Amino acid sequence: MTLIDRLLNLLYPPRCVSCGATGATLCERCIAAAPFITTRTCLLCHRPQAEGARCYACHELPSALEAAAALCDYAPPIEIAIKRLKYRRGRAVAPALADLVVDRRLPSWLHPGATTLLLPVPLHPARERERGFNQAALLAAALAPHLDLSCDPHPIYLRRARRTRPQVGLSSEQRRQNVSFAFACDPSPAIRNAHIVLVDDVYTTGATMQDCARALREAGAAHVSGFTIARARYAGGRSAK
Ligand SMILES: [Zn+2]
Ligand SMILES: [Zn+2]
C-alpha cells in the first residue's frame, strides 16, 4: 500500500462491502464467515466426487473445459461482495476477493507452470463500456501474483463476439444455447499449446466457460481450465452461467 493510500485510508476508512463495518473492504468477520468449499466435488459440477475425477453425468458430456475450481459457495457474505464487485465497486472489491486464495488449498493444476496463463472471461465490449470495467479482468489481475501465474487481463485475441441475454432464470439447456458460439478467439502465439486458466466471478453450470474454452481450444490452446471466486448451486445440475 502506498503512502497516499494509507493517508486516504486514515481520512476515509474503507467499509466492508458485505456488512458495512469500518476498517477494510472485506472485514475479518466476513472473511471468517466465507463459505469456503472444503468438500471434494466433481471436476466440473457440484456433485461430491473423489478428488480429481468427473462425476458420471459430466463424464458422459463433452467438455472443452478440463476442470473448474471455485473458492466459495455463492452465498453471503461473499455473494454480497460479488454483487458489489459487479455493480458498484469493482476496483476496490476485486483485490479483497482475490486475497481470499491466500493460504487456501488449491488444485494442483493451478500451480505455476511456464505455459500456464490466466485470462479473464471477456465481457461484450458494449457491456464493458456500460460497467466501466470487466470484473473478471480485475479479478484475474489481482489473483495472478497470489497464484504466481502469468496473466493477460486484456487479451485482444479473445472476445465475446455477440451480446447474450443474462443467464439468470434460464434452464440449463437455454443457458447453453444462449452462450453457444458467443466467444471467438484468434490464433495467437500467447495461447498456442498453453494451459489457459479462465477467471470469472461466479460459475453456475459452466455454460459460459465451456463456450469460451471451446473458442480457445479451436485457436490452439492445449488445455483450458476455469477458476472462479464462487460457485452457485444450480438445481438442474450441469447440462447451466
Ligand atoms: Zn464485513
Ligand atoms: Zn459433474
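The values are calculated or read from the model by the stated rules, or taken from the named source; none is laboratory data. Only a predicted model underlies this, so the values are computations on that prediction, with no experimental measurement involved. FYI the Cβ positions are ideal-geometry reconstructions off the backbone, even for glycines, and counts take in every protein chain you see.
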Go over the candidates Ala114, Ala70, Ala64 one by one and state the one that is in a loop (DSSP other than H, G, I, E, B) and either in contact with a strand residue (DSSP E or B) (Cβ under 7 Å, 6 or more places away or on another chain) or surrounded by 13 or more Cβ atoms within 10 Å (Cβ to Cβ) (or both).
Ala64
Is there a residue in the range 125-140 that is surrounded by 21 or more Cβ atoms within 10 Å (Cβ to Cβ), out of contact with any Pro (no Cβ under 9 Å at 6 or more places or on another chain) and in a helix (DSSP H, G or I)?
no
Is the range 28-35 home to any residue that is closer than 18 Å to Asp99 by Cα, touching a Ser or Thr at 6+ places or on another chain (Cβ under 8 Å), modelled with pLDDT of 85 or more and among the basic types (Lys, Arg)?
no
For Ala98: the one exception among (1) modelled with pLDDT of 95 or more; (2) surrounded by fewer than 17 Cβ atoms within 10 Å (Cβ to Cβ); (3) within 16 Å of the chain's Cα centre (by Cα)
(2)
Could you grab the pairs with beta carbons closer than 9 Å, sequence gap of 6+ or different chains, first residue in the range 50-72 and under 21 Å from Asp103 (Cα atoms), second one part of a loop (DSSP other than H, G, I, E, B) and within 16 Å of ligand 1 (Cβ to nearest atom)?
Leu71/Ala34; Cys72/Ala34; Cys72/Pro35
Name the one entry in Leu119, Leu123 that is more than 20 Å from His195 (Cβ to Cβ) and touching a strand residue (DSSP E or B) at 6+ places or on another chain (Cβ under 7 Å).
Leu123
(1) part of a helix (DSSP H, G or I); (2) within 13 Å of ligand 2 (Cβ to nearest atom); (3) surrounded by 15 or more Cβ atoms within 10 Å (Cβ to Cβ); (4) aliphatic (A, V, I, L, M): which one isn't true of Ala57, the others all being true?
(3)
Members of the range 45-54 found to be within 7 Å of ligand 2 (Cβ to nearest atom) and farther than 16 Å from Asp73 by Cα, listed by number
Gln49, Arg54
Among the residues of the range 101-140 satisfying the criterion of being touching a His at 6+ places or on another chain (Cβ under 9 Å) and aliphatic (A, V, I, L, M), which is farthest from His223 (Cα to Cα)?
Val102
Can you name the number of the only condition in (1) within 13 Å of ligand 1 (Cβ to nearest atom); (2) in a helix (DSSP H, G or I); (3) not aliphatic (A, V, I, L, M) that Ser18 fails?
(2)
